[in-house]
1. Report yes if GLY102 is outside any loop (DSSP other than H, G, I, E, B) and in contact (Cβ under 8 Å) with a residue 40 or more places away in the chain, otherwise no.
2. Does any residue of segment 118-125 turn out to be in contact (Cβ under 8 Å) with a residue 24 or more places away in the chain, loosely packed, with under 14 Cβ neighbours inside 10 Å, hydroxyl-bearing (Ser, Thr, Tyr) and more than 22 Å from ASP39 (Cα to Cα)?
3. From the set of residues in segment 13-41 that are farther than 12 Å from ASN97 by Cβ and in contact with a Gly (Cβ under 8 Å, 6 or more places away or on another chain), which is surrounded by the most Cβ atoms within 10 Å (Cβ to Cβ)?
4. Just to be sure I understand the filter: pairs with C-beta atoms under 7 Å, separated by 6 or more residues or on different chains, first member in segment 27-47 and farther than 14 Å from VAL104 by Cα and touching a residue at least 60 places away in the same chain (Cβ under 8 Å), second member among the hydrophobic types (A, V, I, L, M, F, W, C) and surrounded by fewer than 16 Cβ atoms within 10 Å (Cβ to Cβ). Which pairs pass?
5. Out of all the residues in segment 7-17, is one or more assigned to a loop (DSSP other than H, G, I, E, B), aliphatic (A, V, I, L, M) and free of Cβ contacts under 8 Å to residues at least 60 places away in the same chain?
6. Can you tell me which residues in segment 105-117 are exposed (fewer than 14 other Cβ atoms within 10 Å of the Cβ) and either within 23 Å of ALA61 (Cβ to Cβ) or β-branched (Val, Ile, Thr) (or both)?
Amino acid sequence: MAAASDYLELKLLDHSLGTTAFTAPATVYVGLYTSSPGDDDSGTEVSGGSYARQSASFASASGGSASTDATITFPAATATWGTITHISIHDASTAGNLLYHGAVTTSKLIESGDTFQISSGNLTISLD
């Protein structure tokens, strides 16, 4: 996952250039998409069927990237969610602002009864 959203790019520029301070979110949440959210969060996020964004924690950045330090498990789907093609990092469990987004390595169809899980260390944010 490598792309920063339009929102985050502007906030980081303002913060680093001394225009306006940016307060980091207390918690970040992973979202699942069936199409690319793009930098403007215009993609299709999963909804219904017991879907909810899940909180994520990251180890301190090193070497230009940071990875999750715990497994992220979404609840079992109670309806088909569709094929997950992209994931996101948001600053809220619902609505809020998109921070980062990217394509999953392998798309996955989530049907009723399935779960989606990201193992610890398998979600990495890089800034190049």
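FYI, it's all coordinate maths here, none of it is from the lab. This one's a predicted model, so the numbers in the text were calculated from it and none came from an experiment. When we count neighbours, we look across all protein chains shown, and the Cβ atoms used for this are built from the backbone with ideal geometry, even at glycine.
1. yes
2. Yes.
3. TYR33
4. Sorted first by the residue in segment 27-47, then by its partner, the pairs are TYR29/ALA92.
5. There is at least one residue in segment 7-17 that is assigned to a loop (DSSP other than H, G, I, E, B), aliphatic (A, V, I, L, M) and free of Cβ contacts under 8 Å to residues at least 60 places away in the same chain.
6. Answer for segment 105-117, where residues must be exposed (fewer than 14 other Cβ atoms within 10 Å of the Cβ) and either within 23 Å of ALA61 (Cβ to Cβ) or β-branched (Val, Ile, Thr) (or both): THR105, THR106, THR115.
Per-residue answers, yes or no, for (1) within 15 Å of the chain's Cα centre (by Cα); (2) in a strand (DSSP E or B):
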residue: THR23; (1), (2): no, no
residue: LEU32; (1), (2): yes, yes
residue: PRO37; (1), (2): yes, no
residue: GLY48; (1), (2): no, no
residue: SER60; (1), (2): no, no
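Residue-wise test of (1) farther than 23 Å from LEU8 by Cβ; (2) over 13 Å from the mean Cα position of the chain (by Cα).
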| position | (1), (2) |
| --- | --- |
| GLY63 | no, yes |
| ASP69 | no, yes |
| THR83 | yes, yes |
| SER88 | no, no |
| SER93 | no, no |
| LEU98 | no, no |
| THR105 | no, yes |
| GLY113 | yes, yes |
